[in-house]
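Student: Please read through the structure below; I'll follow up with questions.
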Amino acid sequence: MHAPSPTTPPVSTGVVFEARRLRKVYHTGEVDVVALAGVDLELHAGELVCLLGPSGSGKSTLLNILGGLDVPTSGELIYKGWQLDGSQENQLTLFRRNCVGFVFQFYNLIPSRTSP
């Protein structure tokens, strides 16, 4: 392996996200739906990750929790040493504002343009 060129910044391999025993349970009437059941995960800087699974397996739930849009029922979620599980809404707002970005599959938040 050769040394990177002076114009190429080094890639950090530090842990960005850590999830330990992450659970998410949705309560719908008398039924509990377990969307995540004890997920352990480490995501490293510079790493490319592909999340695959059948419909209903918890992919969107996991991404919503990692992005601070939802909170886990239990477990630990740490972003660069910042303990996110149990955070207040204002702390999650700062996290979303300063640390993550979203590209939604559906752009329902952006109104369609209409002609005058």
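The values are calculated or read from the model by the stated rules, or taken from the named source; none is laboratory data. All values reported here derive from a predicted model rather than from experimental measurement. Neighbour counts run over all protein chains shown; Cβ positions are idealised from the backbone, glycine included.
Student: Taking Thr61 and the conditions (1) assigned to a loop (DSSP other than H, G, I, E, B); (2) surrounded by 13 or more Cβ atoms within 10 Å (Cβ to Cβ); (3) among the hydroxyl-bearing types (Ser, Thr, Tyr), which numbered condition does it fall short on, given that it satisfies the others?
Tutor: Only one criterion is unmet by Thr61, namely (1).
Student: Among all residue pairs at least 6 apart or on different chains, which show Cβ distances below 7 Å where the first residue, located in the range 11-23, is within 16 Å of Phe95 (Cβ to Cβ) and the second is basic (Lys, Arg) and at pLDDT below 95?
Tutor: That search, which allows pairs on different chains as well, returns Val16/Lys80.
Student: Which of (1) surrounded by 12 or more Cβ atoms within 10 Å (Cβ to Cβ); (2) touching a strand residue (DSSP E or B) at 6+ places or on another chain (Cβ under 9 Å); (3) small (Gly, Ala, Ser) does Gly56 not meet, given it meets every other one?
Tutor: For Gly56, the failing item is (1).
Student: Could you count how many residues in the range 64-101 are out of contact with any strand residue (DSSP E or B) (no Cβ under 9 Å at 6 or more places or on another chain), farther than 21 Å from Arg21 by Cα and of a type outside the set (Asp, Glu)?
Tutor: 7
Student: For the subset of the range 74-83 comprising residues that are under 19 Å from Ala37 (Cβ atoms) and surrounded by 17 or more Cβ atoms within 10 Å (Cβ to Cβ), which member is farthest from the chain's Cα centre (by Cα)?
Tutor: My answer is Gly75.
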